[in-house]
Every structure is written in structure tokens, then in C-alpha cells.
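A short write-up of the structure that comes next.
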Amino acid sequence: MKGYFYVRQLAVLMILAVLFGSSSYAQSGKTIFDPELTYKSYHPKKSDRVISRSEYANKLYGFWLGECIANWTGLVTEMDKIGSIGEIKTGKFYTREDWGKSDQPSIWGQGVPSNLSATIDFVFVNPDGVWGADDDTDMEYIYQDLLASNKQPILTGEQIRDGWQKHIKKEEENYLWVSNQKAFDLMNKGMVPPATGDPVNNPEYEMIDAQLTTEIFGLFAPTRPDFALKMADLPIRTTARFNSQWISEFYVSMYSLASAVDKKKSKKENILWMADESRKVLPNDSYSAKMYDFVKSRYLANIPWEQARDEVYQRYQVSQVDGYNITSQNRYCNGCFAAGINFASSLISLFYGEGDIVATIKIAVLAGWDSDNPAATWGGMLGFMIGKDGVEKAFNRKFSDKYNIHRTRIGFPNNGIDNFENMATKGVYIVDRVVQEHLGGGVDLKKNVWYIPEDSNSMTKR
């Protein structure tokens, strides 16, 4: 009989959804449900975490919005400042005093500043505009679509390859770089992930690529980084190994733990907790772990972030400490796309930003190297943590909710025009499946919540 009443309850919800529509659920708290998923009855345990699905939808909206703001703002200073080693020299790094001042040319700018903004400032899209996809959001969009269309959270190498080939142009401009481009070339020659990220096949495996394409997996397993890392494992190893892989796993863990914060504590306290817990995925003898420990030590020493950044440059690119030897490899722009130096730079903005989305993005944008990537990573995570409404409040304005995936990718419906609410809805559906079918939890459509069991070895226990 319980099963009968649950089915009847679901039918009522479906009728209500048809009558009243599902738009603006993120703001109204209206229940949404995946018509292709059979929701099962579940008896919650006292130890289960309870998460509101409507609030989570609002947070997913905030993720996409925050990531787009940070991504496009970071593009203003991308590769403006990479140091003075090798043939390409860019002079002194930016400081906080440069915010609002004239943007300087990037290493490929041929003496011309960014066409996005003449000054170093936020780049916004007004409510009547459309956000363009870029490499910090488009691959995550593809992965979310693959998870939804395949109705399973653990993708196979063939599914990843097929998704890439369906949605990425083979010819330029296809908005792929370094390791992503090499992996794509290998796919088009018949290779299947994870072989595409194997150092034997992909000499670019140490580059930043996986960091900016896989963080979103953490959002699909809220409070459960153990399962988020399983979901992200093959997508990460599609392009990365060793430190570049571990750094990407650090970001996935951060994103998953963003749902497990203590609301009674400050943003700063929660960020430090999330970071220290995610530090556990970095092997202690790796340069990525040592970078984390060094940057955090400089933050705790209360020195200015600019000094910490300059010390990172001296320590890792000039002196090549802790096993970070990219400079000795004589790469283009001294490895300005490398996973390591950009990880160290991102940690500066994470720690010194102390959970404030505006301050964190500003520091990331000014810190140097591939500045749009760390900015987008933390803009997305902090945007998720405060949700759509929090992002609008932080910047004191309304933004467009439209997103054009076809700026950089191909093969999606509606000529590539989507919106953040639809994208958030798809994310909720994915979490529904993960919670019910893989975490041993349940979805209560009447209360509009997830019940998520804790992992016995979970890092979320406090």
C-alpha cells in the first residue's frame, strides 16, 4: 500500500507541474522531477544528510552564473603576466592597485589589450544579453549532457570519446588547448580514454586542462567526495596524470564538500575546512601537496597576497623547488598553461579571498598566468555556495540567464541557446539518480529533499 500511495503522490505532483509549469522553481521552491526516473520510496536514517532540492537548483544556477562572470572577467588578464623567464617576458606582475586601470597586452596580444575591457574590471552580460561558452564552461556542459543522456554517472571511455567527437569541431577554431587538443587528436585516430591522457601518448598531460573541465562532478555527489571522485576519475584521466590529475581531484573534492559546510561558521572557516579536507587527496610527496602547504603557510603568515604570489613565482618557476621542474623543460611561455603554477596561483585567491566571491575573483584575475581558469573555478564554486540570489546580491545587479554553448561547441538543440535554469534542472536530475541508485539514499518529492547517507570513511564527518 505504501508503494501505491507513493505512486499516487507522484502522479499528483506531475499534474501540478503540467498545470503550473516548472519555470522559476529555483526561486519559488516548486518541485521538479525527472519523468524518465522511477522514484522509489525511502525510509531515511537519522544519520542521513537532508538537502533541499529546490535550494540546490538555485545553487546550481549560481554555479553557472558565477563561473561565467569569473571566466569572462579572467579573460581580460589571461596570459598578461607570466614572469620573465625564457623568450617571452611580461614584466612585473599585477597588484591590487591595478584593478580598474588599463589592461596590458597578453603574450599573444601583439601589443593590444583585451577587446573585452580596456580596463581590468568585471565583465558582465546584461539581462537582455547572452553569455558565451568558453573552455571553462563548455566541457562541463558536455559532461553534464553526457551524464543526463546516458542516465548513468560513471561514463565509459567510449561515451566520453563519442561525446567529444559529436560536440567539438575537428578544425580550428575549436577552442581546445594543449592536453585537451592532444587527447582529441588521439580520439580522432581511434584512441579511447584513459589512453588519451597517458604520458606515453600525450606529452601535454601535465597541463591545466582537466582542472577546468571536471570540477562539476563534485556538484553531482553533494557531501560525498568519495563518489564524486569515482565519477570524475575517467574524465580527469582523459587528459591528465600524476600532479595534474591530483590537482583536478582536489577541485572535485572542494566542489562536493561545498554542500557539507557548517552554516554556523564563517565563509572563511568553511573554505579553510574544505581546502584542508581536499588536501588529503594530494599525495604528501607530490609537488602539488607541497605547493598547497607553502601557499597556505604564506597566507597564515599574514603577508600580502601579492608577496605570496611573487614568492610562488620565485620558488617554483625560478628555483624549481619541491620537484616542480617545468622551467627546465623549456616549454612555450615557460609552461604558463601548466597545472602546477596555476594551482599555486589559484590557492592564493582561494585563501586570501576568504570565501568572498568578489574579492576571490579579483585576486584570481590579478594573480597572473592562465588567470581565467582559477577565477572560473572559484567563481563557480562560490557562486554555487551562495546561489543565484547571492551572486546577484554580491554584485548588486541582475544578469542574463541565457547561455550559448555553440560559441565554442556544436551539435546541441535550439542552435545552442540554453539557460541556467534548464542547466540547473538537468543537474538536479543527475543528482536524483546518483542519490537513489548509487549512494543508497532517497528522493522525497513531497518534501522536495534528498536523503544522503554518509560514507563510513567520509571526510565530511566533523
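The values are calculated or read from the model by the stated rules, or taken from the named source; none is laboratory data. Computed from a prediction, not measured in an experiment: that's the story for all the values here. Cβ: placed from backbone, ideal geometry, glycine included. Neighbour counts: every protein chain shown.
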Just for helices (runs of 4 or more DSSP H) wholly inside segment 1-103: which have at least 3 residues that are surrounded by 14 or more Cβ atoms within 10 Å (Cβ to Cβ), in contact with a helix residue (DSSP H, G or I) (Cβ under 9 Å, 6 or more places away or on another chain) and modelled with pLDDT of 95 or more? 53-74
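Does PHE124 satisfy the criteria of being among the hydrophobic types (A, V, I, L, M, F, W, C), surrounded by fewer than 20 Cβ atoms within 10 Å (Cβ to Cβ), closer than 27 Å to VAL391 by Cβ and touching a residue at least 24 places away in the same chain (Cβ under 8 Å)?
yes
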Give the number of residues within segment 370-415 that are closer than 30 Å to ALA338 by Cα and of a type in the set (Asp, Glu). 2
Go through segment 148-166 and count every residue that is within 18 Å of THR239 (Cβ to Cβ) and without any contact (Cβ under 8 Å) to a residue 60 or more places away in the chain. 7
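Residue by residue, here is whether (1) at pLDDT 95 or above; (2) more than 20 Å from ILE85 (Cβ to Cβ); (3) assigned to a helix (DSSP H, G or I) holds:
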| position | (1), (2), (3) |
| --- | --- |
| TYR251 | yes, yes, yes |
| TYR255 | yes, yes, yes |
| LYS265 | yes, yes, no |
| GLU277 | yes, yes, yes |
| ASP285 | yes, yes, no |
| TYR313 | yes, no, yes |
Restricting the search to segment 270-291, which residues are buried (at least 22 other Cβ atoms within 10 Å of the Cβ) and of a type outside the set (A, V, I, L, M)? SER278, TYR287, SER288
Counted residues, segment 134-190 - those being in a helix (DSSP H, G or I) and over 17 Å from the mean Cα position of the chain (by Cα): 23
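Look at LYS267 and say whether it is among the basic types (Lys, Arg), more than 19 Å from the chain's Cα centre (by Cα), over 30 Å from VAL321 (Cβ atoms) and surrounded by fewer than 19 Cβ atoms within 10 Å (Cβ to Cβ).
no
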Return yes or no: is ASN396 under 25 Å from ILE107 (Cα atoms) and of a type outside the set (Gly, Ala, Ser)? no
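Search segment 207-222 for residues being in a loop (DSSP other than H, G, I, E, B) and of a type in the set (A, V, I, L, M), and hand back the single one that is surrounded by the most Cβ atoms within 10 Å (Cβ to Cβ).
Initial filter on segment 207-222 (in a loop (DSSP other than H, G, I, E, B)): 208, 213-214, 221-222.
If we keep only those that are of a type in the set (A, V, I, L, M) too, we end up with 208, 221.
On the way: ILE208: 31, ALA221: 28.
For segment 207-222, the residue satisfying everything is ILE208.
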Report, by residue number, each residue of segment 91-119 that is under 22 Å from TRP64 (Cα atoms) and either among the aliphatic types (A, V, I, L, M) or touching a Cys at 6+ places or on another chain (Cβ under 6 Å) (or both). LEU116
Restricting segment 240-249 to residues that are surrounded by 24 or more Cβ atoms within 10 Å (Cβ to Cβ) and not polar (S, T, N, Q), the residue that is nearest to MET291 (Cα to Cα): ILE247
Could you tell me whether segment 294-306 includes any residue that is basic (Lys, Arg), closer than 23 Å to TYR94 by Cβ and within 22 Å of the chain's Cα centre (by Cα)? yes
Mind listing whichever residues of segment 382-416 are of a type in the set (A, V, I, L, M), buried (at least 17 other Cβ atoms within 10 Å of the Cβ) and closer than 14 Å to ALA133 by Cβ? ILE405
Being in contact (Cβ under 8 Å) with a residue 60 or more places away in the chain, surrounded by 24 or more Cβ atoms within 10 Å (Cβ to Cβ) and not polar (S, T, N, Q), is that true of even one residue in segment 319-334? no
May I ask you to list the residues in segment 191-205 that are more than 20 Å from the chain's Cα centre (by Cα) and not β-branched (Val, Ile, Thr)? MET191, PRO193, PRO194, ALA195, ASP198, PRO199, ASN201, ASN202, PRO203, GLU204
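For the structure I just gave you, tell me whether TRP305 is under 30 Å from SER54 (Cα atoms) and either touching a strand residue (DSSP E or B) at 6+ places or on another chain (Cβ under 6 Å) or crowded, with 19+ Cβ neighbours inside 10 Å (or both).
No.
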